[in-house]
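Engineer: Mind having a look at this structure? Questions to follow.
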Amino acid sequence: IKMKWIAPLLLVAFASATVFFQEEFNADWESRWVNSNWKSDGTQAKFRRSAGNWYVDAEKDQGLQTTEDYRFYGISSKFPAFTNEGKPLVVQYTAKMERNVDCGGGYIKILPDGFDQSTFGGETPYLVMFGPDICGSEKKTHLILTHKGKNFLNTKRFRCETDNLTHQYTAIIFPDNTYQFLIDNQEVSKGTLEEHWDILPKKEIKDPSAKKPDDWVDEPTLPDPDDKKPEGWDDIPELIPDPNASKPEDWEEKDGEWKAPMIPNPEYKGEWRPKMIPNPSYKGPWTAPTIPNPEYVAEPNLHALGTYGGVGIELWQVTSGIIFDNIIVTDSVEEAKAFSEKTFAYRQAGEPDAKKAYDDAEEAKRPKPQETEEEHDHDHEGREDL
């Protein structure tokens, strides 16, 4: 049997590239992963190894699947400690949401060296939290980074996939403090860590001492000085007697003089105002000039989040059934690409057909609607007429 996994304790190095962790969930996966006991109230469930209901390869497509709805999950695996100072950090894995998710996460966490596997859970500190999260109309990908003990959510919204096929999520943090995020090897976003995370104070701030000049004109339009009110404008009353009204036949003089009720005058145009024209002195909205932020201090090693020591999956799932697979943590984009070519490319090509075959088979199992007694009698009468 071809082994699917390279042991985390064995660092695989090719031309200075290092694979720190690689997992394809072969039959002995439980020797490397530890279920936590962070929930003792019966609300925590366990994972199982499964390829799901449809797959391209029954063995190679086995992954770690959540099993029960409305449950917490916590499981982790350790690897030798490392830092990514001066080199990339690449985190990549696949997630397959076999069921239509109402609410549930599909993310993984990169954990600091020394974490406790037995109590790993929602309160356990982490260095990276990455992956899709769906709850109702909220559908997005998290890429949360930790800096000096504080978690920072990506300020730019990242989309996620919502269908029932396997998708590959890749996050790359480069040593020049930039990042790249890909789904299925297609770029979704890139930029700088300072731009899309509020880890550091802004480089520039608005000058708090600046004041808008007294002669600043911020009105875009002004009344046309050449516009004149038409003659007779003010002679048109707002209300007029209703021309269709008539005095009631039972009206008596003792009731006073009868007057028709007043109605809005269709000719009335309201208060006259001159038309507005562009203001030649308009300078636009005033904004305070920016100045260097005295609290900003550049951090050349912003990309180095700490000392990494493991991978964890900690979730709350309303809708279970998600399958995690093909996890790799490396400092090499090329290694991640090669791993993707080995473990994901064939799935991406073949899984849509596998799902269709499964759906067709399930449809064939469904009982056909039985014809009603009325339809049967009608058909019988038709045959008698023949």
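The values are calculated or read from the model by the stated rules, or taken from the named source; none is laboratory data. These numbers were taken from a predicted model, which means no experiment stands behind them. Cβ sites come from the backbone with ideal geometry, for glycine too, and all protein chains shown count toward neighbours. For the accessible areas, the whole protein counts, side chains as well, though only heavy atoms, and no ligand, DNA or RNA atoms are used. Shrake-Rupley method; radii C 1.70, N 1.55, O 1.52, S 1.80 Å.
Engineer: List the relative contact order of the chain as a percent without decimals, with contacts defined as Cα pairs under 8 Å and 6+ residues apart.
Structural biologist: Numbers: 746 pairs, mean separation 110.4, N = 386.
Relative contact order here is 29 percent.
Engineer: In angstroms, what radius of gyration and Dmax does region 170-233 have, counting Cα atoms only?
Structural biologist: In Å, with Rg to one decimal and Dmax whole: 25.9, 77.
Engineer: From the alpha carbon gyration tensor of region 111-229, can you work out the equivalent ellipsoid semi-axes (sqrt of 5 times each eigenvalue) and give them in Å, largest to smallest? Let's see the in-between values first.
Structural biologist: Working: eigenvalues 399, 100, 44 Å².
Square roots of five times the eigenvalues give 45, 22, 15 Å.
Engineer: Ok, one more. Excluding Glu187 itself, what net charge comes from residues whose Cβ is under 14 Å from its Cβ, given Lys and Arg +1 and Asp and Glu -1?
Structural biologist: Working: positive: Lys156, Arg159, Lys190, Lys337; negative: Asp184.
Summing Lys/Arg as +1 and Asp/Glu as -1 gives +3.
Engineer: For region 86-128, treating each Cα as an identical point scatterer without solvent, what Debye log10 I(q)/I(0) comes out at q = 0.17, 0.25, 0.28 1/Å?
Structural biologist: -0.70, -1.02, -1.08
Engineer: Further, regarding this structure: Enumerate the calculated ³J(HN,Hα) couplings along region 164-174 in order (Karplus 6.51 cos²θ - 1.76 cosθ + 1.60, θ = phi - 60°), each rounded to whole Hz, writing x wherever the residue is Gly or Pro.
Structural biologist: Coupling constants for region 164-174: 9, 9, 6, 10, 9, 10, 10, 10, 10, 10, 9 Hz.
Engineer: Could you pull out every Cys in the chain that lacks a partner Cys with its beta carbon under 4.7 Å away?
Structural biologist: Cys160, each lacking another Cys Cβ under 4.7 Å.
Engineer: If you count, for each residue, the other Cβ atoms within 10 Å and average over each peptide, how do 222-232, 189-199, 16-26 line up from highest to lowest? Write out the running numbers ahead of the final one.
Structural biologist: On the way: 222-232: 9.8, 189-199: 16.6, 16-26: 20.2.
Descending mean neighbour count gives 16-26, 189-199, 222-232.
Engineer: Grab every C-alpha pair in region 1-150, bin the distances at 5 angstrom width from 0 up to the longest one, and report whole percents.
Structural biologist: With a bin width of 5 Å, the distribution comes to 2, 7, 15, 20, 22, 18, 11, 5, 1, 0.
Engineer: Oh, and also: Cα convex hull of region 21-105: how many Å³ per residue? Mind showing how you got there, number by number?
Structural biologist: Details: hull volume 12.3 nm³, N = 85.
Here the figure is 144 Å³ per residue.
Engineer: Over region 251-364, what number does the Rg to Rh ratio reach, with both radii from the alpha-carbon atoms and Rh per Kirkwood? Display every interim value, and only then the final one.
Structural biologist: Working: Rg = 37.5 Å, Rh = 26.0 Å.
Rg/Rh: 1.44.
Engineer: Equivalent-ellipsoid semi-axes (√(5λ), Cα gyration tensor) for the chain, whole Å, largest first?
Structural biologist: 62, 43, 20
Engineer: Quick one: among Thr287, Thr162, Thr178, which has the greatest mean-square fluctuation in a GNM of the chain with alpha-carbon springs under 10 angstrom?
Structural biologist: Largest GNM mean-square fluctuation: Thr287.
Engineer: Let me ask something additional. Would you calculate, for the chain, the mean residue ellipticity at 222 nm contributed by helices, counting each DSSP H stretch of 4 or more residues as -39,500 (n - 2.57) and dividing by all residues, to the nearest 500?
Structural biologist: After summing the helix terms and dividing by residue count, I get -4000 deg cm²/dmol.
Engineer: Could you put Lys150, Lys96 in order of accessible surface area, largest first, with the 1.4 Å probe and the full protein assembly present? Write down the numbers at each step before the final one.
Structural biologist: On the way: Lys150 120, Lys96 10 Å².
Sorted by accessible area, descending: Lys150, Lys96.
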